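Since the structure comes first, as structure tokens, the remarks are kept for the end.
A short reminder: the numbers here are calculations on the coordinates, not readings from a lab. The model shown is predicted, which means the values in this text are computed figures rather than measured ones. As a convention, Cβ positions derive from the backbone with ideal geometry for all residues, glycine included, and neighbour counts pool all protein chains shown.
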Amino acid sequence: MAEWWADIVGRFIHNFIAEDRWRYMLDGLGVTLLVTVCAVVLGTAIGFVVSIIRSTHDKTGRMKIANAICKVYLTVIRGTPIMLQLLIIYFVIFGAVTIDKRIVAIIAFGVNSGAYVAEIFRAGIMSVDKGQFEAGRSLGFNYTQTMTNIIMPQAFKNSVPPLANELIVLLKETAIVGYIALQDLTKGADIIRGRTFDPFMPLIAAAIIYLIIVMIMSKGVSILERRLRRSDH
């Protein structure tokens, strides 16, 4: 038992303490969180705009051209792998210019997430009873006022749980940014593996860190859902 424990400690020191290799993990974690948070903000903004256009067309028949553009966007983004989208944005769209890889990752994941957020928002809007629109009109509200004051607050409440799940999915998807040589948490672990030739500790450590973050986020989602349910009573 003592020998086994000494071996574990020795491998831990060799992988993380020696030459301050733990910094690869810490720096990578910072990049992972930065890309995730910024991509969520961008994706939410894109998704909100697209959902408004799509739901407005569904309810009023207006904005036909914008709706057609949104449908193409949704079809392309949801129909192709995120890894290919990341590579195309980095090597094709920005291939001729020098750009921070973090910005490329934020754009790629933000645009990808926006397509899924758009459908989440749209589903939330369409789930609101039609009588709510009629109630808004009976109060003298126009379409925009009805959407702003009556529909969107209810739609947002309905959309929060799936939006939170999208955030968790996005966090895990960022693990592929190493394909454009961006050092995130996964890449940091892989760098340590390449220098120590010991894959177990760095890769397991990265997996544990991801798991802890996801568990914290999942707990936050559960608390938020309980509060939303209480607010309905």
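Within the set 64/130; 130/172; 71/172; 64/219; 71/130, which residue pairs have Cα atoms separated by over 30 Å? Where the Cα-Cα span goes over 30 Å, the pairs concerned are 130/172; 64/219. Once C-alpha pairs closer than 8 Å and six or more residues apart are averaged by separation and normalised to the residue number of the stretch 2-231, the relative contact order reads 30 percent. Within straight-line reach of residue 101, meaning a Cα separation under 17 Å, sit the following lysines at least 8 residues removed in sequence or on another chain: 187.
Computed from Cα positions, the angle between helix 200-231 and the longest principal axis of the chain comes to roughly 30 degrees.
How large is the dipole of the chain about the Cα centre if only Lys and Arg carry +1 and Asp and Glu carry -1, each at its Cβ, rounded to the nearest 20 debye?
880
For the chain, the mean residue ellipticity at 222 nm estimated from helices alone is -25500 deg cm²/dmol, where every DSSP H run of n ≥ 4 contributes -39500 (n - 2.57) and the total is divided by all residues, rounded to the nearest 500. Only one item in (i) 22.4, 79; (ii) 35.9, 141; (iii) 21.9, 74 matches Rg and Dmax of the Cα atoms in Å derived from the coordinates shown, and that item is (i).
Seen from residue 115, the other residues with C-beta closer than 12 Å to its C-beta sum to a net charge of +2, counting Lys and Arg as +1 and Asp and Glu as -1.
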